1. For region A:1-165, report the convex hull volume of the alpha-carbon atoms normalised per residue, in Å³, without decimals.
2. Over all directions, the average projected area of the alpha-carbon convex hull for region A:424-515 comes to how many nm²?
3. Do any GluC sites (Glu not before Pro) in region A:584-625 lie in a loop, going by DSSP, with at most 10 other beta-carbon atoms within 10 Å of their beta carbon, and if so which?
4. Please report the relative contact order for chain A, taking Cα pairs under 8 Å with a sequence separation of at least 6, and give it as a percent rounded to a whole number.
5. May I ask which of B:144/B:229; B:222/B:278; A:122/B:115; A:414/B:41; A:29/B:37 have a Cα-Cα span longer than 24 Å here?
6. Among the lysines, which have Cα under 25 Å from the Cα of residue A:616 when same-chain residues fewer than 8 positions away are ignored?
7. When all alpha-carbon pairs of the protein assembly as shown are counted, what percent fall beyond 41 Å?
8. Listed here are the pairs A:84/A:546; B:260/B:356; A:115/B:52; B:260/B:325; which of them are more than 24 Å apart at the Cα?
Amino acid sequence: MIVELGHYTLVLALALAMVQSVVPVFGAKIGHLGLMRMANQTSIMMAVLISFSFGALTWAYVNSDFSVTNVWQNSHSLQPMLYKYSSVWGNHEGSLLLWVLILSLFASMVSIFGKNLPPELKANVLGVQAWILVAFLSFVLITSNPFERLDNPPLEGKDLNPILQDVGLAIHPPMLYIGYVGLSITFAFAMAALISGRLDAAWARWVRPWTLIAWIFLTAGIAMGSYWAYYELGWGGWWFWDPVENASFMPWLAATALLHSALVMEKREALKIWTVLLAIVAFSMSLLGTFLVRSGVLTSVHAFATDPERGVFILTILVLFIGGSLTLFVLRAGILKSGGLFAPISREGALVFNNLFLTSALATVLVGTLYPLMLEAVNGAKISVGPPFFNLTFGPLMMPLLLAVPFGPLLSWKRGDLLAALSHLYWAFGAALLAIILVIAFSSDAPILAALVIGLAFWLMIGAFAEISLRTDVRKNGLAKAFDRARGLPGSTWGTAFAHFGLGVTLLGIVSVSIFETEVIKAMKVGESATISGHQLTLKGINPRKASNYNEDIINFEVLSPKGEKFIMRPAKRIYTTRRMPTTESAINTSGFSQLYVSLGEVSENNLITVRMWWKPQVTLIWLGSLFMMFGGLLSLADRRLRVGAPKRAVKQAKVETDVQVPANG
Amino acid sequence: MIFWIIAVSVTVLSIGIIIFPIFGGNQISVSTLDFDKEIYKARLKEIEEERKLGSIDEQRYQYAVAEEGRRLLTLADKNNDLNSTAILKSGKSGLYGLIFIVLVVPVVALGGYSKLGSITTPDQPLQARLEADPRSQSVEVLLKRAENQLIKNPDDGRGWLVVAPVYMRLGRYQDGVLAYRTAIRILGATTELQIALGEALTVRGGGVVSEEANELFRQANKADPENIKPMFFLAIAFNQVGKYEEAVGAWNKLIAKSSKNAPWLKVARQQLEVAKTKLGIELPGNPTTQDIEDAKQLSSGERTDFINAMVEKLAGELDENPQNKPGWQRIIRSYTVLKRKADALAAINKAQRLFKDDKTFLEELEKNKQALN
């Protein structure tokens, strides 16, 4: 009965979402406070119902209830407990249920934390969120129902896809989904503004923190996905410009642009209309990403065409929401008042520059991702637009943007002074120059471009802290006072510095691994050795091992590092018993920021094992940089300035009100 | 029934919770612009704080305060203009909302679920299924239970012995072999177990007695010379590897030791015949070893003649002794290869009449016929 109750609460949630998508918006239109306020209770109730539903499915997975088709298809009674949980979202139906759950949780957060929002705005925002919820709940229930049952359940399930049985992949989808779905809030805010025809001051205050939350999780999700692909797929690559990756990267680019334009809007009330458009674009990219990954269109356009039910449904959602919101934008944007003026060289100007380049980059990724699909749909030709395309288009677009990053925070609002800003960057410039000279001097085979990009990375890393150095000014104030000042700087200033620093760190990792990586492939027998970048690897032996749902052959390598340290590395080949599917487990040894990566290829008859070895200098910086970015985002989010109280008059009446309480502002 | 009681209660409760605010509390007249003002005030406060910390200079501070002040003033103006429209009212509209909710929610929820749900299917967590009363359970469930026990306690040799024959009966020969092997590893090799493993290996190999199985049977036979089973398989193995003299001896011994109506006697006699034939008297219709040796020495033209001669010989033999299924199969194949279509069809027709009770053979013949046409 638990399973069926979970199914029922999901349908009930759909019913509530239908009500929610009409009543509060109607209430806002006619100015009826009660009808607006019911949105609060409804969104919380929906979150409760969907959580129960998700819990019921999880219960079925944990208890291996194979009478649920979805459980039977995607789990096995012998899986470790962690993977029983992650199996819930390791499949199409379950992952969409997770999507819907996160959406409902976000909506309930708006109603809980949005006490300082004007009731009309809040009602519209929650109404728009409910539209999305209706669309996706219907999609889940009609085409991808995780609660379908089997009359004669088998005694064993078909197991979760082995490459998904991994800690990284257990947390990657929830992260990414929080990112995707978080953008629905800014989208809802944009739509609410267009519906009511006014942009409240609260709008600007709200867009940034919510975009930040989404952005932090998107960053985490993408970085984790990239690291997972790196160690699990055994190819040693960390980014493939694969459509699935692009599907998460495009919302990230849009969210990054939105984050910056929201800043201008918050501080200067400029770029309002542009910000609204970006909010729409960012969520559209989330929807597009969901469509690409969930419709099956990527596997093959033809497979999609032969079994189009799901694909067409998501496509309809896509067209309705993107088309509808853009139409509304065209019709209503004129009503919104645009804000303050500014000179081209100014903080605003720098942020516009940022936005132009980020959106152009977004456009190139979009073209590179969709073009092959379009082509296949038109004439059936299957082409792939690989890294060369993206390196030639995306790369050059990024360079001027990255060059400009350290300037941004140093320019004043309205009218800035480029030369003055540059004068605060001489440390960064010096560091960059030094890095370039050192690279050219010590590495004979590095291309000059690589040296320049490494210089750019140092320019970014050092330049990121120029604003803090300027605002604390150790030389003028002395250490103690400068420290006080540094502590007093707003979180967003520190956040900006760390995020920009992280960008430099990631860039440094990318260049150094692309240029200085070495690779050795060798067929080896037990007792043989191979050498890569000063490391000597000796194949010591093969240990077979049996785990609950797979068997594996662990290959032991004894490694002698250039520093004379000895350690063991254990790559393995696994066979998952239920699906009879082999996987390769690579072994990675980290020293400093660099990694030694060993992965296994085929085993031939005479016990020759093909071993692929890479030395990846500074590769961890790629993900370390994203950690810095996330940390920056968190600092910015923690900024106390983002909290605002509710109006005083409302506060006085709080005694008789249920939903207007003490202001959150301390 | 309980399900519906819960479902309806949850639905009623949900409706109650969401309609409560529509009529709860007094309606207030807060202008939405008041919310905006609050934000500007908060920002002024931040600017003050930043100045206190010295993180913005005096000039910037002045600019910022002036700008926020200007915004507040515009807002105050707007507030006066718009105050009337911003009053929040209540009234009849609330009732329409209520009716909408009370109609839509139960219809969508209960109606939608009736269409999608499977209320008659109970929860079936695996553990509970395995723990249910054994008398009402299928072999598969019992086996799964035993397997789970063995995962927890893999050194339970008796347990492996219990599941092994079940695997064999279910056709999971690989698992059967593994189970017997594990049992032997844990319990040690007894004659009985050796025979069982040997038999399992042979079944898995489609009837071929492998080297390993053969060794097992030899050991068993040594330990217990009176046991018929190892003798039987050893004899089969002799036949399979072409040691016909040993085979004849082994079969004769086995037949002598068996009681008059032992069920394996028929097979044993048949196999004995085979071995005997191989030794001296060839089975009717087969080319003799000598024939094959001869054929190897011939040129291609001679070989065709030779084959034709062989086919004629076979045809003659089939006329005399028509109850020879392999013979018919061979001759039909030969005619087909030699492109003697009419002869092939004639042979097929004859065979169809002769073996009209042998369904599979008839199907095969029909296929041959179609291939010819």
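1. That works out to 101 Å³ per residue.
2. With every direction weighted equally, the projected area is 6.3 nm².
3. In loop regions of region A:584-625 (DSSP not H, G, I, E or B), the sparsely surrounded GluC sites (Glu not before Pro) are A:605.
4. It comes to 11 percent, rounded to a whole number.
5. B:144/B:229; B:222/B:278; A:122/B:115
6. By straight Cα distance, residue A:616 reaches A:522, A:525, A:540, A:563, A:566, A:573.
7. 58
8. Table pairs above 24 Å Cα-Cα are B:260/B:356; A:115/B:52; B:260/B:325.
FYI, it's all coordinate maths here, none of it is from the lab. As the structure is a computational prediction, the values presented were derived from the model and not from experiment. Glycine also receives a Cβ, built like all others from the backbone with ideal geometry; neighbour counts cover every protein chain displayed.
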